[in-house]
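Heads up, the thing below is written out as structure tokens.
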Amino acid sequence: MKTATPPSNRQTQVLVWLAFVLIGGTLGACKDDCRTTVTYKTYEPVYMLKDSLRNAVVALPARTLENPGKIYVRGDYVFVNEPNQGIHVINNRNPSAPQPVSFLNIPGNRDLAVRGDILYADSYIDLVALDIRDPNQVVLVKRIENVFPAGDRSATTVLVEYKEKWVTQTTEGDCNGQRNAGRGDSRFLSNDSNGATFSSKNGGQSAPSAPGKPGVGGSMARFTIYDRYLYTVGQSEMQLFDITQPADPQKGNKINLGNQWNIETIFPYRSQLFIGSQNGMHIYDNRNPEKPELLSTYQHVRSCDPVVVEGDYAYVTLRSGTACQGFTNQLEVLDISDLRKPTPVKIYPMQNPHGLGIDRATLFLCEGTHGLKVFNAKDVRQIDQNLLAHFKDLDAYDVIPLGEVLLVVGKKGLYQYDYSDPKKLKLLSVIPVVRS
């Protein structure tokens, strides 16, 4: 009987080589079956030369509202911010027939305040002061550069936005399920050394002693004026500007508000500043306007947080669906009769509350896509039982009550109502949003 002859070393090498060829061919044949294509949204940074930014402030002819943001009222004029674009100037002498006057082109603008004839606005990293006596011929009277957080201040460019981009990514893997980096993989953006500034928000009452009467902002404001100071709040600090000479603002003290506070809004009332953050409301004693001092903090769950005040009560709205990452939608009423110990009175569930305003116990609350609600708040423990009106067709972002005229801004435009009878608001006018 013949026995099998073991293969020689040469034959063994050939067999091994053939085995690798066959295995390689098998893997190659299944390669297409292991390819996966995914399409997703990402954001790319967009930059602007600082020189271009600083030469762009100019008054242009009036244009239509496209994406209205903050609102501010001074005398016969209403100012409506177009986020990152500029400010609409509207003659509102007759609220039933408001007349657009001009558009102030201010790149990077998100907030404003006005004292006398001078308008203060942020322009990404800078503060600009504009003489608005003639809204058609606005004059830049001063610019304070690099005053807002801006990352690398020596850079020649500034980050102005993140532009949405759709990316298609293809990944390939071996037949064991191990994936390799594929084409179009730009999912993760590197940190940008220039940084970005996010300014927004204003509101409240101001002391009458300083020269030139200030205007009134809404509850979503980050700018406000009290006495002879302009206050601007960022994520963790409050920057003061001395505006004793309105056309010549001077950079003043900077108050550290705490890195963890994520500041959102500022509202002056009497001799206090009420500052809303993503995780609490902070009360500052402002009897020395140059150096506000913290009196107390009321903490709540993480959520976006505008606040308004009347008498012994503060009204705070918390909402979900924002960068604040909260899941709470409610109105909180706080007793502030003892400013050092704010205490909760009652919490009211809401749909998606945004800005709010109060005038003589009439509470106006913006519910975003769910409209505008009007409450009688004389009994703060029964607010939900005293709903006076609900305008469901509005998309309401913020409000300013002005005695008998209510301004409401939202995604559909600027609305004005006569609320001399809070139970029967009368629509006076609408400047609608017109998107190109």
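The values are calculated or read from the model by the stated rules, or taken from the named source; none is laboratory data. None of the values given here were measured: they were computed from a predicted structure. Heads up, the Cβs are rebuilt from the backbone with ideal geometry, glycines too, and the neighbour counts pull from every protein chain shown.
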Residue selected from segment 36-84 under the condition touching an Asp or Glu at 6+ places or on another chain (Cβ under 8 Å) and basic (K, R), by the criterion nearest to G413 (Cα to Cα): K70
Residue under evaluation L407, criteria (1) surrounded by fewer than 22 Cβ atoms within 10 Å (Cβ to Cβ); (2) within 14 Å of P95 (Cβ to Cβ), criterion not met: (1)
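With respect to L356, determine if the residue is buried (at least 21 other Cβ atoms within 10 Å of the Cβ), modelled with pLDDT of 95 or more, touching a helix residue (DSSP H, G or I) at 6+ places or on another chain (Cβ under 9 Å) and closer than 21 Å to L407 by Cα. Give the steps one after another, and end with the answer.
Values: buried (at least 21 other Cβ atoms within 10 Å of the Cβ): yes; modelled with pLDDT of 95 or more: yes; touching a helix residue (DSSP H, G or I) at 6+ places or on another chain (Cβ under 9 Å): no; closer than 21 Å to L407 by Cα: yes.
When the stated conditions are applied, L356 does not pass them.
Every residue, every condition in (1) at positive phi; (2) in contact (Cβ under 8 Å) with a residue 60 or more places away in the chain; (3) among the aromatic types (F, W, Y), yes or no:
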| residue | (1), (2), (3) |
| --- | --- |
| K378 | no, no, no |
| L394 | no, no, no |
| Y397 | no, yes, yes |
| L407 | no, yes, no |
| S420 | no, no, no |
Matching residues in segment 393-436 - criterion: being part of a loop (DSSP other than H, G, I, E, B), touching a strand residue (DSSP E or B) at 6+ places or on another chain (Cβ under 7 Å) and basic (K, R): K411, K412, K423
Options Y298, Y229, Y284, Y313; residue that is of a type in the set (S, T, Y), touching a residue at least 40 places away in the same chain (Cβ under 8 Å) and over 17 Å from L331 (Cβ atoms): Y229
Of all residues making up segment 138-163, the number that are over 19 Å from the mean Cα position of the chain (by Cα), modelled with pLDDT of 65 or more and either assigned to a strand (DSSP E or B) or under 15 Å from R54 (Cβ atoms) (or both): 11
Count of residues meeting criterion [touching a Lys or Arg at 6+ places or on another chain (Cβ under 7 Å), assigned to a strand (DSSP E or B) and within 22 Å of V46 (Cα to Cα)] in segment 98-126: 2
Test: residue in segment 88-101 that is of a type outside the set (G, A, S) and at pLDDT below 95: no
Qualifying residue in segment 393-401 (condition: in contact with a Leu (Cβ under 9 Å, 6 or more places away or on another chain), over 18 Å from N92 (Cβ atoms), at pLDDT 95 or above and buried (at least 22 other Cβ atoms within 10 Å of the Cβ)): yes
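Would you point out which residue out of S193, S219 is among the small types (G, A, S), out of contact with any strand residue (DSSP E or B) (no Cβ under 7 Å at 6 or more places or on another chain) and either at pLDDT 95 or above or in a loop (DSSP other than H, G, I, E, B) (or both)?
On the way: S219 fails: out of contact with any strand residue (DSSP E or B) (no Cβ under 7 Å at 6 or more places or on another chain).
Answer to the check: S193.
Okay, residues lined up against (1) in contact with a helix residue (DSSP H, G or I) (Cβ under 7 Å, 6 or more places away or on another chain); (2) in contact (Cβ under 8 Å) with a residue 40 or more places away in the chain; (3) crowded, with 19+ Cβ neighbours inside 10 Å:
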| position | (1), (2), (3) |
| --- | --- |
| N84 | no, yes, no |
| I90 | no, yes, yes |
| S96 | no, yes, no |
| Q99 | no, no, no |
| S102 | no, yes, yes |
| D111 | no, yes, yes |
| G116 | no, yes, yes |
| L119 | no, yes, yes |
| A129 | no, yes, yes |
Check on H370, touching a Lys or Arg at 6+ places or on another chain (Cβ under 8 Å), assigned to a loop (DSSP other than H, G, I, E, B) and modelled with pLDDT of 95 or more: yes
